[in-house]
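The values are calculated or read from the model by the stated rules, or taken from the named source; none is laboratory data. Everything numeric here is computed off the predicted structure, so don't read it as measured data. When we count neighbours, we look across all protein chains shown, and the Cβ atoms used for this are built from the backbone with ideal geometry, even at glycine. Remember, those area values only see protein heavy atoms, side chains included, never the ligands or the DNA or RNA. Shrake-Rupley method; radii C 1.70, N 1.55, O 1.52, S 1.80 Å.
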Amino acid sequence: MDKLCETQLLSPRQVLFLRPEASTFCAQVKQALASPQFIVAQVADLEGALHLLATRKIEVLLFEPEAGLTRTRAALARLKEADPDMAILVVAPRLSLVATVAAMQAEGATEPDFDFIGTPLGGPELVRSLERVRELRYLRRAEERGQRAEARMSAVVQAVPYAVVSFDDGGVIHDWNPGAHAIFGWSVAEAVGQSFWQLAFSADPAPLRAAFASLKGGPAPARLEVCARRRDGREFPAVVALARVPLAQRAMFCAVLEDVGEMRRREIELRLAQKLEAVGRLASGLAHEINTPCQAIGLQVHFAKEALDELRRVLQLYTRLRDAVAGDDRVAPLLAEIAQLEESVELDYLLEHAPAALASVDEGTGRIAALVAAMKHFAQPDAGGPSTIDLNRALESTLTVVQHQSRAVGEVDKRFGEVPTIIGLPGDLNQALLGIVFNAIQALEDRQPGREGPGRIIVETRAIAGGTAVEVAISDNGPGIPASIQGRIFDPFFTTREVGRGAGQGLSVARSIIVDRHGGTLTFDSEPDVKTTFYVRLPVAGPIAAAGSSPSRFAPNM
């Protein structure tokens, strides 16, 4: 019996005695149920009892019927309705007790609603009967509390987004909640009866088994991180809490497992987004700082080009003057000095190559200005929500930002079509496109040296689906994606490259941005040692609603 029941059984008994005016039982009740063990209230009619029950909690009602079975049954029904938790002890003459009980049972009034005691009786017998119905009342209440607690716990177990699994000493699964079905993919019928260790984990989890073994010696719970396995064979990080559930028959164990892969992926995405935001702010500031001197250099170069053109005209007049006075002996020494100076400074060379040098500087400052503009466009923050995006311009900015890396591995062929603007998050979309382009650049870095032709990245855009969507194809003629890993390239942390070249987040983040945040699709085709093409389809406004439609395919010639 629980502590509450023990406390209640030791407290004073709250008793109500409903007796008729002509009752001969009052003296026995008063003598047997004395204070402080009992607190007895006496009323002479039903209305008085109902009034008292409305203001006071009674544990046991001593009920002495006045006359008539029908009136008795009706009175008991009203009393039970007033306090369903109250125990009722019916007092009836011993000679008619059997008939009274049989009649009331026939009317549907049976235990545990009522109990019966026959008169005449002694004080100890009355106390024993009263204690018995009182204890039965508390046992019934404890059972009801247990049932309610069990129902609440069952509802919690069914509703939580975690896997809650109970299993026996041998690891055989007995209970498998909907959270476990959602996480692992096994239904209840498939999981129950299977080995928890073999069903939920890719290898024998030694730390988990060690924690489980330690639980057998005591109830102390254990919590640790393991590598779990879904029904399709994919592995994921999980945190498991183990606890021992002691039962009367045998010991059972409970495991609560949480899939932390998605949480960690989002944490990494958040850290990456924060890092990119910081880099974006820095790049935007640097772009502004670089732009100012570049503009000054451009203006000075433009001035120098114009000044050189004017000086060329003056030199041409000087040359004509020199030729005109070449036969005059008075200026012969000066002409000789001019000829010597022209030869020493290589005037002809300067006049031939200085304009080309200034043109090269002008072109360089123009490229710097274009890169600065691309960086400012690429690093612009999202203005608190979706906005209009020129996809061709976004791709142009992305390719400009990475051109120093793309030039080292091959050529970039831009085939931009006329596409409508779309609604989306510019900063996020730039990040996604950058991840796919970087993946193409790294693929060209992995090309075999003996392959024919240069490395090439082709970026193509076009409108599809009647102008309601835009598709981007980013192709490379790298080594391709092996069939054995094609199903995992969008998984967080998955990478085939060595440490320092890939973190396994570029394509995962790109897919999250394109699919989850923009309602688009990200698919690919790959032919080993020929090419790989990633297809990005984005709705012009809102998620694509065409159920069952497959992304279009257009493969550029490599």
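Just a few scattered comments:
- Extreme residue, modelled with the lowest pLDDT, among residues of the stretch 213-232 that are open to solvent by less than 70 Å² (accessible area, probe 1.4 Å) and within 20 Å of Gly179 (Cβ to Cβ): Ala222
- Tally, over the stretch 301-329, of residues that are modelled with pLDDT of 75 or more and open to solvent by 90 Å² or more (accessible area, probe 1.4 Å): 12
- Val29 farther than 15 Å from Ala82 by Cα and in contact with a His (Cβ under 9 Å, 6 or more places away or on another chain): no
- For the stretch 123-161, the tally of residues that are among the small types (Gly, Ala, Ser) and touching a residue at least 40 places away in the same chain (Cβ under 8 Å) stands at 3.
- Conditions (1) without any contact (Cβ under 8 Å) to a residue 12 or more places away in the chain; (2) in contact with a Phe, Trp or Tyr (Cβ under 7 Å, 6 or more places away or on another chain): number failed by Leu199: (1)
- Filter pass, Ala440 being more than 29 Å from the chain's Cα centre (by Cα) and not β-branched (Val, Ile, Thr): no
- In the set Gly417, Gly427, only one residue is modelled with pLDDT under 90 and in contact with an Asp or Glu (Cβ under 9 Å, 6 or more places away or on another chain); that residue is Gly427.
- Among the residues making up the stretch 37-59, those that are out of contact with any strand residue (DSSP E or B) (no Cβ under 6 Å at 6 or more places or on another chain) and not hydrophobic (A, V, I, L, M, F, W, C) are Gln37, Asp45, Glu47, Gly48, His51, Thr55, Arg56, Lys57.
- Filter result (part of a loop (DSSP other than H, G, I, E, B) and open to solvent by less than 50 Å² (accessible area, probe 1.4 Å)) within the stretch 385-444: Gly385, Val402, Gly410, Gly417, Val419, Pro420, Leu425
- Of the residues making up the stretch 335-350, those that are hydrophobic (A, V, I, L, M, F, W, C) and over 17 Å from Leu321 (Cβ atoms) are Val345, Leu350.
- Look at (1) polar (S, T, N, Q); (2) touching a helix residue (DSSP H, G or I) at 6+ places or on another chain (Cβ under 9 Å); (3) surrounded by fewer than 14 Cβ atoms within 10 Å (Cβ to Cβ) and you find that Asn177 fails only one, number (3).
- When restricted to residues that are in contact with a helix residue (DSSP H, G or I) (Cβ under 7 Å, 6 or more places away or on another chain) and either within 25 Å of Ile368 (Cα to Cα) or open to solvent by 80 Å² or more (accessible area, probe 1.4 Å) (or both), the stretch 330-353 contains 0.
- Test: residue in the stretch 142-163 that is open to solvent by less than 80 Å² (accessible area, probe 1.4 Å), touching a helix residue (DSSP H, G or I) at 6+ places or on another chain (Cβ under 7 Å), over 22 Å from Ala210 (Cβ atoms) and at pLDDT below 80: yes
- Residue, farthest from Glu262 (Cα to Cα), within the stretch 445-492, restricted to residues that are of a type outside the set (A, V, I, L, M) and open to solvent by less than 10 Å² (accessible area, probe 1.4 Å): Gly455
- Matching residues, the stretch 329-369, being within 60 Å of the chain's Cα centre (by Cα) and without any contact (Cβ under 8 Å) to a residue 12 or more places away in the chain: Ala356, Ala357, Ser360, Glu363, Gly364, Arg367
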